[in-house]
Amino acid sequence: MKELKINHGAVWVIVVLGQVIPMLWYGIFAEQWMSLTGLTEEDAMSGGSTPYVMSIITAIAFGYMLAWVFMRMNVRTWTDGLKTGFIMGFPIAILGTMTMYLFSMQPYALTWIDGGQNLIIWTVSGALLGGWTKEK
């Protein structure tokens, strides 16, 4: 069996998904999120381009990190990628967010909104990387 290599095309699709999934997610949960954070729509939009630039940088780093881990783990199918993305993402996206939010006195429900979109990104990205492999 040939050795896997990083699929740069898949990583860049993850970068795009890392922008689209939160846009759709927060479109659905905007009212609840604003209520839980105490922010208004104007507050949420007042950050300028900096949060979006950081989101892109984060998505690039995340995509390459996950691709590297999957290459080392020899993940070769979309189902293995989906399961691995979920299993890795749950403690980071949900439990990590929950711990941080509980210590900073954020509402518990906010964990599921903010962490939920990250868990979806982890899971979808895992399926994409597992199913769209490249070999050396």
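Before moving on, here are some points about what is shown:
- Placing pseudo-labels 7 Å out from each Cα toward the beta carbon at Glu31 and Thr79 gives an inter-label distance of 4.0 nm.
- Within the accessible area of the chain, the carbon and sulfur atoms contribute 70%, probe 1.4 Å, all protein chains present.
- Put a plus charge on the Cβ of each Lys and Arg, a minus charge on the Cβ of each Asp and Glu, and nothing anywhere else: the dipole of the stretch 38-136 about its Cα centre is then about 660 debye.
- Estimated from helical segments only, the mean residue ellipticity of the chain at 222 nm is -24000 deg cm²/dmol, where each DSSP H run of four or more residues counts as -39500 (n - 2.57).
- Taking other residues whose beta carbon is less than 10 angstrom from the beta carbon of Gly131, and scoring Lys, Arg as +1 and Asp, Glu as -1, yields 0.
- log10 of Debye I(q)/I(0), alpha-carbon scatterers only, for the stretch 91-133 at 0.26, 0.30 Å⁻¹: -0.79, -0.93
- Using C-alpha pairs under 8 Å with a sequence gap of at least 6, the mean separation divided by the residue count of the chain gives a relative contact order of 42 percent.
- Candidate cross-link partners of Lys2 among the aspartates and glutamates, defined by an alpha-carbon separation under 19 Å and a same-chain spacing of 8 or more, comprise Asp80, Glu135.
- Percent of Cα-Cα distances greater than 21 Å, calculated over the chain: 46
The values are calculated or read from the model by the stated rules, or taken from the named source; none is laboratory data. Model, not experiment: these values are computed from the prediction. When we count neighbours, we look across all protein chains shown, and the Cβ atoms used for this are built from the backbone with ideal geometry, even at glycine. For accessibility, only protein heavy atoms count, side chains too; no ligands or nucleic acids. Shrake-Rupley method; radii C 1.70, N 1.55, O 1.52, S 1.80 Å.
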